1. Restricting to region 93-117, count the residues that are more than 20 Å from residue 191 (Cβ to Cβ) and loosely packed, with under 15 Cβ neighbours inside 10 Å.
2. Could we say that residue 27 is part of a strand (DSSP E or B), closer than 16 Å to residue 179 by Cα, in contact (Cβ under 8 Å) with a residue 24 or more places away in the chain and touching a helix residue (DSSP H, G or I) at 6+ places or on another chain (Cβ under 6 Å) here?
3. Check residue 151 against each of (1) within 20 Å of the chain's Cα centre (by Cα); (2) surrounded by fewer than 19 Cβ atoms within 10 Å (Cβ to Cβ) and name the one condition it does not meet.
4. Could you tell me which residue of region 54-73 is surrounded by the most Cβ atoms within 10 Å (Cβ to Cβ), considering only residues that are touching a strand residue (DSSP E or B) at 6+ places or on another chain (Cβ under 9 Å) and in contact (Cβ under 8 Å) with a residue 24 or more places away in the chain?
5. Does residue 38 fit the bill of being farther than 29 Å from residue 168 by Cβ and either touching a residue at least 40 places away in the same chain (Cβ under 8 Å) or surrounded by 20 or more Cβ atoms within 10 Å (Cβ to Cβ) (or both)?
6. Which residue, of 3, 28, 19, 49, is surrounded by fewer than 21 Cβ atoms within 10 Å (Cβ to Cβ), under 16 Å from the mean Cα position of the chain (by Cα) and over 20 Å from residue 145 (Cβ atoms)?
7. Give the residues of region 171-188 that are under 14 Å from residue 13 (Cβ atoms) and surrounded by fewer than 17 Cβ atoms within 10 Å (Cβ to Cβ), sorted by residue number.
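Derivation of every value follows stated rules applied to the coordinates shown; laboratory data play no part. Fair warning: this is a prediction, and the values are worked out from it, not measured in the lab. Neighbour counts are summed over all protein chains in view; Cβ atoms, including those assigned to glycine, are modelled from backbone coordinates with ideal geometry.
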């Protein structure tokens, strides 16, 4: 049984998609062990509490630097024997030290086809650039932002009548499919990392 730790800062829509997949047994041999947020009023944290999940609020403003904060998070994760950390709208860059503690065991989803359009507001970046196709990427997290080995990508066509907002909504629909799929592959021990490449076995 793989134990999943969720980190979020907002509504947690991808967390909800993962939880639904666990509940429906689309993600097998797994349970959500803890949901951690740096925002006490995060809607995702409130939802986790409603669902009876173990929740923790850790205020990053209480810590002198990023690594000190991350050490507190890692302590909470390790106390629950977490196998996989899922960043689900966690609006903080995690430290290299954190990455080392969970090497190839932290995954994130980004709303573009990485390496294109890393960073904030990727949907609008793609829309403003005028690309015909964009999408989302589930990847392992390394010490650089939006840089780790790619697990899965889903492509979204940019339509002629799209706005940045409508494009973002359709990308999010694909995120809610891709993220649980990637988590399921991890929990089934079907992912192998070889340098920059991830092999699905």
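1. Matching residues across region 93-117 total 3.
2. Taking the combined requirement at face value, the residue does not satisfy it.
3. All conditions are met except number (2).
4. 73
5. No: the conditions fail for residue 38.
6. 3
7. 173, 177
Conditions tested, residue by residue: (1) out of contact with any strand residue (DSSP E or B) (no Cβ under 6 Å at 6 or more places or on another chain); (2) on the phi < 0 side of the Ramachandran plot; (3) in contact (Cβ under 8 Å) with a residue 60 or more places away in the chain.
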position: 102; (1), (2), (3): no, yes, no
position: 142; (1), (2), (3): yes, yes, no
position: 170; (1), (2), (3): no, yes, no
position: 183; (1), (2), (3): yes, yes, yes
position: 186; (1), (2), (3): no, yes, yes
position: 192; (1), (2), (3): no, yes, no
